[in-house]
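Down below is the structure, laid out as structure tokens.
The values are calculated or read from the model by the stated rules, or taken from the named source; none is laboratory data. Computed from a predicted model, the values in this text were never measured in an experiment. No Cβ is skipped: glycine too gets one built from the backbone with ideal geometry, and neighbour counts run over all protein chains shown.
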Amino acid sequence: MSSLLEKRRNIGISAHIDSGKTTLTERILFYCEKIHAVHEVRGKDGVGATMDSMELERERGITIASAATNVAWKEHPINIIDTPGHVDFTIEVERALRVLDGAILVLDSVGGVQSQTLTVDRQLGRYSVPFIAFVNKCDRTGASPRRVAEQLKEKLGHNAVMVQIPIGLEDKFQGIVDLISMKAVYFDGAAGEMVREEEIPEELKAEAEKRHEELLDAASMFSDELAEAYLEGEHTVDQVLSAVRAGVLKRELLPVFIGSAYKNRGVQPLLDGVVNFLPNPTQVANIALDLDKGEERVTLVSDESKPTVALAFKLEDTQYGQLTYIRIYQGSIKKGDELFNTRSQKKFKVGRLIRMHANKMDDITEAPVGDIVALFGIDCASGDTFCDPSFNYSMTSMYVPNPVISLAISPKDKKSEGNMGKALNRFAKEDPTFRTFVDPESNETIIQGMGELHLDVYIERMRREYKADVETGAPQVAYREAISQMAEFDYTHKKQTGGSGQFARVAGFMEPLNEEGKDYEFVDAIKGGVIPNEYIPSCDKGFKATMQKGSLIGFPIVGVKVTINDGSTHPVDSSDMAFQQAAIGCFKQAYAKAKPIILEPIMKVVVEGPTEYQGNIFASINQRRGIILTSSDEGVFSVVEAEVPLSEMFGYSTVLRSLTQGKAEYSMEFLKYGKVPQSVSEELKKEYEAKRKAEQK
């Protein structure tokens with residue numbers, strides 16, 4: 001294993017909005033000599049922050065265009081990725097998070113653990129990402145990093161331990177005391193680039209000693225060597241560092257760093273923390289699925305001599321073509337290499353290989369294992385796995401949930417029409433859960449996705465990135481129709497008006513199909529050849545055609561098993577078309593007798609919020625025809641799981657925010673189709689009837 005691989009770090013910076021994430025990234029770039037002047041996020045120099053492409057993130061709390069960059073700190077190459085803000089947004093988030101090995105959680109020294117810090121923390125926990133904490137903005141009035149460290153314990157349940165204490169606070173914030181080396185650290189120069197170590201000021205010695213003891217107590221749980229040395233009073237800095245690192249990698253210890261990125265204090269020790277405590281690519285288990293062996297799990301090895309496996313986790317449309325960000329999990333990639341895309345089953349040659357810095361690019365000839373780089377001009381989708389042609393591995397199972405909500409959109413003018421088409425093609429490629437098609441009846445463009453927020457964001461992106469002004473209709477739930485009992489049919493299709501006519505008779509029965517994952521089944525039980533074999537597929541085709549649109553509310557029919565067992569033909573007038581028409585007649589005849597019902601998408605909803613608001617959360621779910629499945633308390637937090645119809649969930653985020661003072665959040669995913677209650681069913685039928693009459697006029 002190369003020593004460079006052990007030195008590499010792939011990290012994300014996560015935070016509540018306005019905790020100083022972009023400012024911190026800017027300082028990291030400056031101290032690692034990636035940029036030569038510091039720009040402010042709301043700078044007067046008109047330049048703006050290097051990594052700042054997040055106007056929409058600040059508005060909605062979700063990263064849309066994530067930026068990636070790479071720096072080097074003390075000969076350790078570090079890839080920094082902007083982590084997406086909303087973990088339930090799409091499967092895209094999962095892929096972006098899985099390319100991180102570690103993270104920095106940024107907190108505001110005044111705000112402390114805020115509502116979105118809770119979201120970010122759960123996000124990191126869901127993907128088992130080891131992280132360290134940085135309490136930023138210690139120069140603000142009311143700053144209290146000690147209180148924030150306590151909140152990390154109380155509100156988030158972490159074993160948080162301060163590895164630094166401040167020298168002064170608010171406008172008197174001068175530097176920090178490093179509790180591992182037991183030295184005072186000051187930051188001199190115009191931009192804090194000169195780090196100076198001194199003895200700890202007399203007035204802070206007592207607190208430093210006390211905190212140092214707490215740190216050693218916590219760290220010695222992860223190292224027998226340190227525990228022994230600590231008892232003998234002869235521990236070294238290296239022993240403490242390796243013990244803290246062991247605790248961080250297990251996610252059982254959270255070192256808390258402090259500083260003020262804006263005032264250029266505390267960033268260099270934080271970078272030391274990234275190098276000292278966060279994992280390198282070899283310390284994170286990465287699993288691929290072998291598609292040739294029924295998706296058998298394979299553990300990848302961070303070894304350059306092994307065949308290549310890489311994941312495309314982000315696509316970007318540039319003026320020069322598609323840019324594909326990839327993380328290399330095994331092997332290496334050189335310019336001119338041949339790779340295999342396991343989704344499209346196509347081989348391609350690596351043309352341009354690029355190292356990204358925000359929106360600037362450097363061409364490189366080779367990228368080693370564990371690295372994050374970009375490829376130019378590769379035709380692929382987000383989430384594709386690129387392998388050595390001898391492999392057929394996938395980094396993610398190819399299951400993509402079906403969209404449950406749709407929206408009609410139309411361009412406001414001719415220019416928007418062309419741009420809208422470009423945007424829709426792009427988004428469908430980036431995100432497999434986003435789909436688009438033109439409704440053959442209304443001729444409207446329909447977009448489909450996983451929820452209200454999902455579609456909202458794409459419409460906003462169309463306006464901002466593609467200058468496509470669009471108008472939207474009301475959101476439409478993807479209802480289904482089904483039958484609830486068996487019904488027989490016997491239908492004769494006859495058309496004889498001189499010359500060759502049409503004749504076909506089909507008989508049999510249809511019944512509900514209760515087989516998971518199957519919407520339709522056709523059974524041929526014809527005996528004695530009363531319907532010739534060549535017309536059997538015609539019957540199947542006719543039944544399938546009728547299932548596209550039910551007669552109750554015009555949605556597709558699902559869960560039907562059709563059996564044909566009798567029929568008759570005419571020597572001249574029977575044909576493929578005649579039997580298709582007879583099957584359509586049979587279906588319509590039996591459908592009314594089979595007591596059709598309407599099904600609606602039922603969502604699994606998980607609401608997480610402070611326990612004090614649990615009653616409000618219960619009431620809000622009950623009002624929405626929801627069924628509460630479980631409720632559990634995790635410390636001061638309450639997690640409520642429920643099944644709620646999608647049609648009742650529109651606008652829920654606003655309601656939940658007002659009920660819980662913005663402290664609760666919810667996630668929602670499709671669970672199953674369930675029967676619509678009688679009252680709702682009647683309402684839907686009336687709406688459909690009114691719509692049909694309006695269309696006929």
Next item on the list: Considering only the range 103-113, state which residues are crowded, with 23+ Cβ neighbours inside 10 Å and small (Gly, Ala, Ser).
Entry: Ala103, Ser109
Notebook entry, point to check: Are any residues in the range 494-521 surrounded by fewer than 16 Cβ atoms within 10 Å (Cβ to Cβ) and β-branched (Val, Ile, Thr), and if so, which ones?
Noted result: Thr497
Check: Is one or more of the residues making up the range 128-144 over 18 Å from Pro269 (Cα atoms) and in contact with a His (Cβ under 8 Å, 6 or more places away or on another chain)?
Finding: no
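Does Glu207 count as within 22 Å of Leu105 (Cβ to Cβ) and touching a residue at least 40 places away in the same chain (Cβ under 8 Å)?
Numbers: within 22 Å of Leu105 (Cβ to Cβ): no; touching a residue at least 40 places away in the same chain (Cβ under 8 Å): yes.
No: the conditions fail for Glu207.
Conditions tested, residue by residue: (1) in a loop (DSSP other than H, G, I, E, B); (2) in contact with a His (Cβ under 6 Å, 6 or more places away or on another chain); (3) at pLDDT 90 or above.
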position	(1), (2), (3)
Arg461	no, no, no
Arg464	no, no, no
Glu511	no, no, yes
Gly517	yes, no, no
Lys527	yes, no, no
Check: Any idea which of (1) in the same structural domain as Val135 (by TED's automatic domain parsing); (2) modelled with pLDDT under 90; (3) touching a helix residue (DSSP H, G or I) at 6+ places or on another chain (Cβ under 6 Å); (4) not charged (D, E, K, R) is the one Ile258 doesn't satisfy?
Finding: (2)
Next item on the list: Could you grab me the full set of residues in the range 156-193 that are among the basic types (Lys, Arg) and out of contact with any strand residue (DSSP E or B) (no Cβ under 8 Å at 6 or more places or on another chain)?
Entry: Lys172
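Suppose the filter is surrounded by fewer than 15 Cβ atoms within 10 Å (Cβ to Cβ) and hydrophobic (A, V, I, L, M, F, W, C); does Ala468 pass it? Please lay out each step first, then the result.
Numbers: surrounded by fewer than 15 Cβ atoms within 10 Å (Cβ to Cβ): no; hydrophobic (A, V, I, L, M, F, W, C): yes.
Answer is no for this residue.
With respect to Val438, is the statement that it is exposed (fewer than 13 other Cβ atoms within 10 Å of the Cβ), of a type in the set (A, V, I, L, M) and out of contact with any helix residue (DSSP H, G or I) (no Cβ under 6 Å at 6 or more places or on another chain) true?
The answer is yes for Val438.
Going by the structure shown, is Asp524 assigned by TED's automatic domain parsing to the domain that holds Phe587, surrounded by fewer than 18 Cβ atoms within 10 Å (Cβ to Cβ) and within 18 Å of Pro601 (Cα to Cα)? Working first, answer last.
Values: assigned by TED's automatic domain parsing to the domain that holds Phe587: yes; surrounded by fewer than 18 Cβ atoms within 10 Å (Cβ to Cβ): yes; within 18 Å of Pro601 (Cα to Cα): no.
No.
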Item checked: Unique match (being part of a strand (DSSP E or B), among the acidic types (Asp, Glu) and outside the structural domain of Arg426 (by TED's automatic domain parsing)) among Asp363, Asp379 -> Asp363
Checklist line | Residue identified as in contact with a strand residue (DSSP E or B) (Cβ under 8 Å, 6 or more places away or on another chain), in contact (Cβ under 8 Å) with a residue 24 or more places away in the chain and among the charged types (D, E, K, R) among Glu460, Glu488 | finding: Glu488
Note to self: Here's a check for you: in the range 149-196, which residue that is part of a helix (DSSP H, G or I) and among the basic types (Lys, Arg) is surrounded by the fewest Cβ atoms within 10 Å (Cβ to Cβ)?
What the structure shows: Lys172
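Restricting attention to the range 666-683, does a residue exist that is part of a strand (DSSP E or B) and over 22 Å from Gln448 (Cβ atoms)?
yes
Yes/no matrix, rows are residues, columns are (1) touching a helix residue (DSSP H, G or I) at 6+ places or on another chain (Cβ under 9 Å); (2) crowded, with 17+ Cβ neighbours inside 10 Å:
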site: Tyr262; (1), (2): yes, yes
site: Asp290; (1), (2): no, no
site: Val301; (1), (2): yes, no
site: Leu311; (1), (2): yes, yes
site: Gln330; (1), (2): no, yes
Notebook entry, point to check: Can you name every residue in the range 235-249 that is of a type outside the set (Asp, Glu) and without any contact (Cβ under 8 Å) to a residue 40 or more places away in the chain?
Noted result: His235, Thr236, Gln239, Ser242, Ala243, Arg245, Ala246
Next item on the list: For the range 568-605, name all the residues that are in contact with a Ser or Thr (Cβ under 9 Å, 6 or more places away or on another chain) and β-branched (Val, Ile, Thr).
Entry: Val572, Ile584, Ile597, Ile598, Val605
Check: Does any residue of the range 131-141 turn out to be part of a loop (DSSP other than H, G, I, E, B) and of a type in the set (Gly, Ala, Ser)?
Finding: no
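Do you know which residues across the range 611-645 are in a strand (DSSP E or B) and within 22 Å of Leu118 (Cα to Cα)?
Of all residues in the range 611-645, those in a strand (DSSP E or B) come to 627-634, 637-645.
Listed by number, the residues that qualify are Thr630, Ser631, Ser632, Asp633, Glu634, Phe637, Ser638, Val639, Val640, Glu641, Ala642.
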Check: Going through the range 408-435 one residue at a time, which ones are outside any helix (DSSP H, G or I), surrounded by 14 or more Cβ atoms within 10 Å (Cβ to Cβ) and modelled with pLDDT of 85 or more?
Finding: Ala408, Ile409, Ser410, Pro411, Arg435
Note to self: With the requirement that a residue be of a type outside the set (Gly, Ala, Ser) and touching a Lys or Arg at 6+ places or on another chain (Cβ under 7 Å), what does the range 569-586 give you?
What the structure shows: Gln580
Notebook entry, point to check: Which ones in the range 261-287 are at pLDDT below 85 and hydrophobic (A, V, I, L, M, F, W, C)?
Noted result: Val284, Ala285, Ile287
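Among the strands (runs of 3 or more DSSP E) confined wholly to the range 252-357, which include 3 or more residues that are touching a residue at least 60 places away in the same chain (Cβ under 8 Å) and more than 25 Å from the chain's Cα centre (by Cα)?
Details: elements: 254-258, 287-290, 296-299, 309-318, 321-330, 338-341, 346-349, 353-357.
Here the list reads 254-258.
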